[in-house]
Amino acid sequence: MLPYGRQSLDDADILAVVEVLKSDWLTTGPKIVEFEERFAACVGARCAVSFSSGTAALHGAAFASGLGPGDEAITTPMTFCATANCILYQGARPVFADVSSDTLGLDPQKVSQKLSSHTKAIIAVDYAGHPAALDELGKLGKQHGALLIEDASHALGAGYHGKRVGGIADMTVFSFHPVKHLTTGEGGMVTTNDTRLAETLRRFRNHGISSEVSTRQGSGQWFYEMVLLGFNYRLTDIACALGLSQLEKLAANLARRREIAAQYAEAFRDLPAIVAPTVREGVNPAWYLYPIRLQLEMLCCGRAEVFNALRAENMGVNVHYVPVHQHPYYRERFKSKESYPVAEDAYERLISLPMFHSMTAQDVEDVIHAVCKVMAHYQDQRAHAGKSQRSLCSSKAEN
Ligand SMILES: *Cc1c(COP(=O)(O)O)cnc(C)c1O
């Protein structure tokens, strides 16, 4: 089965980790600083603060934005639940706003309708690697005294109107989970140009302590102070060594993903039942995912049948995402009657095709072949069944 995403590690990565295992520092040593500095330079940000996961990094960003009980943060339903959960960690209220139908990123117009005197943050997601409407959202945030947090877990290496994702929003969050562009096993990062936010983030990830072990040892001091309630969200030197080694390959990795995306777009151009991801003017996506949407009106089946047929072709397709407000925890806790029609409609149609940098030419060809085969099958069935008899040709058409 060809997965929708996977990591690739080479001998240099393994050697880098082994070197740290033989050194004096397994955690909070020199590799952390090196990784953070190199990462910040790579994304064009002034500061980078590493965390033990992308989720911990989101928690740090939510904390640093000042979110607390009584506050609200506006976010998207079309994301992994961690994006919204970080608001709850701070005792604040997540307010969802619908997405734009082309990119499935937060719609600034919908966000503006949800802004209130309680709004402290806007948390956007660069869905599938396509940067959110950062200019518009940043402007809205500024007008209302809310910080823009960008969950760029999908978008390491993406470009936005001549700038790099990482140095644009007030805080940008990355994840180093194995399916992402760069992995440290588990890990995350917050980048920011604001040194005060960076200091808060550093304290938050280290129990709220105001100086770090390496600097204390360097100056021979035993004294430390806990100044806020933080967590142990530190990333290890072992993980940072892996991150540094992986960072070397980011450019080639992105180039390969862009090549695959172009091949997919070309191949699916003549399949009317497939809507390929849109790329807006001035944007260079990082292609974490390749989510297609099905024009179900042209098929004689639902998304489930197409999904299962692709799985039967050994394609490890997936669906990103079940909208956050539809998860039982959110439904039961908020009992909201609000709907987000664009996100909900997209959810019924989405299928993520395999997309990762180590895919071979043959892998890409296999995906294209499988998609064309399955589409042809369901479109033909529909043609035979005729428009008025859609129900005749549904469930068990394939396999
Ligand atoms: C992967 C991901 C996260 C969580 O990152 P972890 O490193 O797994 O904690 C958060 N938000 C989005 C959009 C993600 O894709």
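The values are calculated or read from the model by the stated rules, or taken from the named source; none is laboratory data. Given the structure is predicted, the values throughout are model-derived calculations rather than measurements. Every residue, glycine among them, receives a Cβ derived from its backbone with ideal geometry; neighbour counts consider all protein chains shown. Just the protein is used for accessible areas: all its heavy atoms, side chains included, with ligands, DNA and RNA removed. Shrake-Rupley method; radii C 1.70, N 1.55, O 1.52, S 1.80 Å.
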- [ ] With viscosity set to 0.692 mPa s and temperature to 37 °C, compute the Stokes-Einstein D of the chain, Rh being the Kirkwood radius across alpha carbon pairs; µm²/s, no decimals.
- [x] 148 µm²/s
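Rounded to the nearest 5, what % of DSSP beta bridges with both residues in the chain are antiparallel?
Around 55 percent of the beta bridges assigned by DSSP in the chain are antiparallel ones.
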Open item on the list: At 1.4 Å probe size, what's the solvent-accessible area of residue 103? Round to the nearest 10 Å².
Closed with: 20 Å²
Task: Long-range HN-HN contacts of residue 95 with modeled amide H, under 5 Å - done: 73, 74, 75
Task: Which listed pairs, of 120/163; 110/139; 110/142; 120/180; 31/120, have C-alpha distances above 22 Å, in listed order - done: 120/163; 120/180; 31/120
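Quote the FRET efficiency, to the nearest 0.05, computed for residue 363 versus residue 333 with a Förster distance R0 of 30 Å and r equal to the Cβ-Cβ distance.
Details: r = 41 Å, r/R0 = 1.38.
Once the sixth-power term is evaluated, E becomes 0.15.
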- [ ] Would you calculate the separation in nanometres between label points at residue 81 and residue 8, each defined as 7 Å from the Cα along the Cα-to-beta-carbon direction?
- [x] 3.3 nm
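With a cap of 14 neighbouring Cβ atoms within 10 Å, and only residues DSSP puts in a loop, list the GluC sites (Glu not before Pro) found in segment 290-358.
When the GluC sites (Glu not before Pro) of segment 290-358 are filtered for loop state and at most 14 Cβ neighbours within 10 Å, 338 remain.
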TODO: Using a/c under 1.5 as the rounded threshold, could you call segment 13-78 rounded, prolate or oblate? The axes a ≥ b ≥ c are square roots of the C-alpha gyration tensor eigenvalues, and prolate needs a/b larger than b/c, oblate otherwise.
DONE: prolate
- [ ] Tell me what the chain gives for mean residue ellipticity at 222 nm when only DSSP H runs of n ≥ 4 count, each as -39,500 (n - 2.57), the sum divided by the residue total, rounded to 500 deg cm²/dmol.
- [x] -12500 deg cm²/dmol
- [ ] Give the share of C-alpha pairs in each 5 angstrom bin for segment 246-399, from 0 to the last occupied bin, in whole percents, shortest bins first.
- [x] 1, 8, 16, 18, 17, 14, 12, 8, 4, 1, 0, 0
- [ ] Measure nothing but the geometry: give the 0 to 90° angle between the long axis through the Cα atoms of 237-247 and the longest principal axis through the Cα atoms of the chain, rounded to 10°.
- [x] 50 degrees
Task: For segment 73-170, average projected area of the Cα convex hull in nm² - done: 5.6 nm²
Open item on the list: For residue 33, what accessible surface area do you get with a 1.4 Å probe? Give it in Å², rounded to 10.
Closed with: 70 Å²
Task: Calculated from backbone phi, Karplus (6.51, -1.76, 1.60) coupling profile of segment 263-269 in Hz, x at Gly/Pro - done: 5, 4, 4, 4, 5, 9, 4
TODO: Give the long-range amide H neighbours of residue 46: residues separated by 5 or more places, or on another chain, with amide H under 5 Å away, using H modelled in the peptide plane at 1.01 Å from N.
DONE: 192, 193
Task: Folded to 0 to 90 degrees: helix 195-204 orientation relative to the chain principal axis, Cα - done: 90 degrees
- [ ] Could you state how much accessible area residue 372 has, in square angstrom rounded to the nearest 10, with a 1.4 Å probe and all protein chains kept in place?
- [x] 50 Å²
Task: Residue-count net charge about residue 173 - beta-carbon cut-off 12 Å; Lys, Arg +1, Asp, Glu -1 - done: -3
- [ ] For segment 63-121, state what percent of all Cα-Cα pairs lands in each successive 5 Å bin, counting from 0 Å until the bin that includes the largest distance.
- [x] 4, 21, 28, 24, 16, 5, 1
Open item on the list: Accessible area per residue for segment 1-140 in Å², computed with a 1.4 Å probe and the full protein assembly in place, what is it?
Closed with: 38 Å²
- [ ] Measure off 7 Å from each Cα along the Cα-to-Cβ vector at residue 144 and residue 195, then give the distance between these two points in nanometres to one decimal.
- [x] 3.2 nm
- [ ] Provide the gained length on full extension for the span residue 326 to residue 224, in nm with one decimal, where the gain is 0.36 nm per separating residue minus the Cα-Cα distance.
- [x] 32.3 nm
Task: aspartates and glutamates whose Cα lies under 14 Å from that of residue 373, excluding same-chain neighbours fewer than 8 positions away - done: 270, 305, 313, 365, 398
- [ ] Could you rank 222, 25, 287 by how accessible they are, 1.4 Å probe, largest area first?
- [x] 222, 25, 287
TODO: May I ask you to derive the FRET efficiency for residue 21 and residue 112 from their Cβ-Cβ distance with R0 = 56 Å, giving the value to the nearest 0.05?
DONE: 0.65
- [ ] May I ask for the angle, rounded to the nearest 10°, between helix 303-312 and the longest principal axis of the chain, with both axes built from Cα atoms and the value confined to 0 to 90°?
- [x] 80 degrees
